[in-house]
Amino acid sequence: MTACARRDDAGSYVLHALPDDEHERFEAHLATCADCRREVADLQVAADTLPLAAVQVGPPPELRDRIMSIVRSEAQLLAAAGEGADGPTGAPAARAPRARRRWSLSLRPLPAAMAASALVAAGVIGGIVLTGADDTKTVTGTVQIASAPAARASLQLSDDATKLQVRRMPPPPAGKVYQVWLKRPNQDPAPTTALFRTDRSGSADVEIQRGRLKGVDQVLVTAEPDGGSMKPTSAPVIVASAA
Amino acid sequence: MAFAQLADEDLMQLVRRGDAAAFEAVYDRHATAAFSLAYRMTGTRNTAEDVVQEAFLSLWRSGARYDRTRGSVRTWVLGIVHNRAIDALRRSMVHDRRRASDEGIEERFEARERTDVEAARRDEARDVRQALGTLPAEQCKVIELAYFGGFTHSEIASMLDTPIGTVKGRMRLGLEKLRGQLGGLAEAMT
């Protein structure tokens, strides 16, 4: 029987009812408290049954069609990208998941891919490199959207993943989606499956691929028809140096 | 390939390699449970569709993060849906519009019971609802507000005019009782 004073937080934790700051503090606590970890494990089993309490309602067939249309397009892009690609990594048309959703110490896997984000501005900033304590390099990209001078884009390069972050970026034109391309010296841009739209605030966080880019000197973003393209059909709206 | 014969975990290995047909099989198996949870939480059909689309595309794009040692694919999918629905609720503040009654939902969107699997899941749903119904009302209330409503414990404490510590305690005790009552089903979910 646990004597930890924070035992009651375990219930709130597995129900996702802790506010973000408390959620993070409790996760830090879990790292050092075996009693609470055990409590969370026990209660998680009960929480996992709760979805079953919902009345079972069939989704509309149109939803299946929409999802599969996107998935098949991305699967084709992935196949075209060849062995260098290790899986579909595009992001859904939404904001990044809240940090508290990472469940880094919970009993369930990371629930979601990074959400989308992106770019744009007037081509002012570019190539600023910051190196964090964890060897993550951040490269500021150039946003080339004249109507969005406040838009910002940055590339985060680490051993773990290569990510693109955009802020205050306008949404892609109707029927279009932003697509990330990898440019190698003396080669045409290669497509990726990283497709994204920005959220209402113009933000998106896109995981381009796991691990570092190899042989890539530029990361580009263009607006492409839904589902992406094999070759760019428009000029880049974001250019970031990855070399 | 006969995807219908493959276990979820085997399908996910194909999904992480970009196999759209394998993903389709995963979708077909879990879309009803996912949509049901999203609809129960958001109370609007359009929002539920958005949540499910976002969740499944996330699954497609992050399949490599599925770890079979941490639970079933179904639990993982529903966890993604739950997270996305909470984000949608807190983003759009649709809490107050969410609470359609279960009976109303059934009348309007009755799911087709096409297979033994769906019939079994209806039985599971009934068991969980019954188990929730046996909890003390105050424990059931805070669990439902948190899990299906997406409210934080402080919001619930304010709504119920109850100390936060009491709300936390009710959540924990309610879940403990639920686990005791649903032991077999709960273990099968993992």
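We did not get these values from a lab; they are worked out from the coordinates using the rules stated. Treat the numbers as computed from the prediction; the structure is a model and nothing was measured. All Cβ positions, glycine included, derive from the backbone under ideal geometry; neighbour counts span all protein chains shown.
Sticking with the crude label model, points 7 Å out along Cα→Cβ, report the distance from A:Asp20 to B:Thr134 in nm, one decimal please.
Between A:Asp20 and B:Thr134, the label points sit 4.0 nm apart.
Any chance you could run the full-extension gain for B:Asp123 through B:Arg68? It's 0.36 nm times the residue separation minus the Cα-Cα distance, nm to one decimal.
Values: separation 55, 0.36 × 55 = 19.80 nm, distance 2.53 nm.
Stretched fully, the B:Asp123-B:Arg68 segment lengthens by 17.3 nm.
Would you calculate the separation in nanometres between label points at B:Ser158 and A:Ser147, each defined as 7 Å from the Cα along the Cα-to-beta-carbon direction?
Those two pseudo-labels are separated by 3.8 nm.
Which of rounded, prolate, oblate describes region B:116-190, given a ≥ b ≥ c as roots of the alpha-carbon gyration tensor eigenvalues and a/c under 1.5 marking rounded, otherwise prolate only if a/b is larger than b/c?
Details: a/c = 2.65, a/b = 2.11, b/c = 1.26.
Prolate, since a/c reaches 1.5 and a/b exceeds b/c.
Taking the Cα centre of region B:7-78 as the origin, how large is its charge dipole in debye, to the nearest 20, when only Lys and Arg (+1) and Asp and Glu (-1) carry charge on their Cβ atoms?
Values: 10 positive and 10 negative charges, 45 e Å.
Around 220 debye, computed over region B:7-78.
Working out 0.36 nm times the residue gap between A:Ala174 and A:Arg200, then minus their Cα-Cα distance, what length gain in nm do you get to one decimal? Let's see the in-between values first.
Details: separation 26, 0.36 × 26 = 9.36 nm, distance 1.47 nm.
Computed gain between A:Ala174 and A:Arg200 is 7.9 nm.
Can you classify region A:9-53 as rounded, prolate or oblate using the Cα gyration tensor, where a ≥ b ≥ c are the square roots of its eigenvalues, rounded means a/c under 1.5, and otherwise it's prolate if a/b beats b/c and oblate if not? Walk me through the numbers on the way to the answer.
Numbers: a/c = 3.56, a/b = 1.42, b/c = 2.52.
In terms of gyration-tensor shape, oblate.
Taking 0.36 nm per residue of sequence separation and subtracting the Cα-Cα distance, how much length would be gained by fully extending the chain between A:Arg38 and A:Thr136, in nm to one decimal? Don't skip to the answer; put the middle values down first.
Details: separation 98, 0.36 × 98 = 35.28 nm, distance 3.38 nm.
Answer, rounded to one decimal: 31.9 nm.
From Cα pairs below 8 angstrom and at least 6 apart in sequence, can you work out the relative contact order of region B:116-190, rounded to a whole percent? Could the numbers behind the result be given before it?
On the way: 40 pairs, mean separation 26.4, N = 75.
It rounds to 35 percent for region B:116-190.
Measuring from centroid to centroid over Cα atoms, what is the spacing of region B:138-166 and region A:1-37 in Å?
17
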